[in-house]
Amino acid sequence: MVIPAAMGGSHITTRQTTPPVLSTTFPGDIAVSFSVNATDTAGIVDVAIINTATNVEFTITFNQPYPTQPVVVVSIEADLGVAASISDLSFRSMSMSQFTLGFVTPNAAGMRIHYHVLGLST
């Protein structure tokens, strides 16, 4: 998969206009949305956990699959007044077309998650 990119000053920017698909396994237990323009290479997901069930998870499906399994880097925004840490998240599955994150200990307050996807050439 090739996503058009350009150097904007010293930053890499993508020109993808269609966000990936964001879905949940248990929609009654979790609400997720992109907080800004998300792409197959990066985005910010706002998570509101409605029911602190143990199977709370969400999936991001890319518009186009990567040719090899990419590397996904995830971080939690610390400025939301939530006592959440990266150890609260777990990768449930990963493929060339999507990845799923779940919560080890769901926090009813929710959180904001940043993701960056790196496609590797072999």
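Descriptive notes on the structure:
- Residue check for residue 48: within 21 Å of residue 105 (Cα to Cα) and either exposed (fewer than 15 other Cβ atoms within 10 Å of the Cβ) or of a type in the set (Gly, Ala, Ser) (or both): yes
- Pair list, Cβ under 6 Å, 6 or more apart: the stretch 47-60 residue part of a strand (DSSP E or B) and modelled with pLDDT of 75 or more, other residue charged (D, E, K, R) and surrounded by fewer than 22 Cβ atoms within 10 Å (Cβ to Cβ): 57/92
- If the condition is being among the aliphatic types (A, V, I, L, M), modelled with pLDDT of 70 or more and over 12 Å from the mean Cα position of the chain (by Cα), then the stretch 72-97 contributes 86, 96.
- When the residues of the stretch 1-29 are filtered to those that are at pLDDT 80 or above and in a strand (DSSP E or B), the one that is farthest from residue 59 (Cα to Cα) is 21.
The values are calculated or read from the model by the stated rules, or taken from the named source; none is laboratory data. Since this is a predicted model, take the numbers as computed values, not measurements. We place every Cβ from the backbone using ideal geometry, glycine too, and count neighbours over all the protein chains shown.
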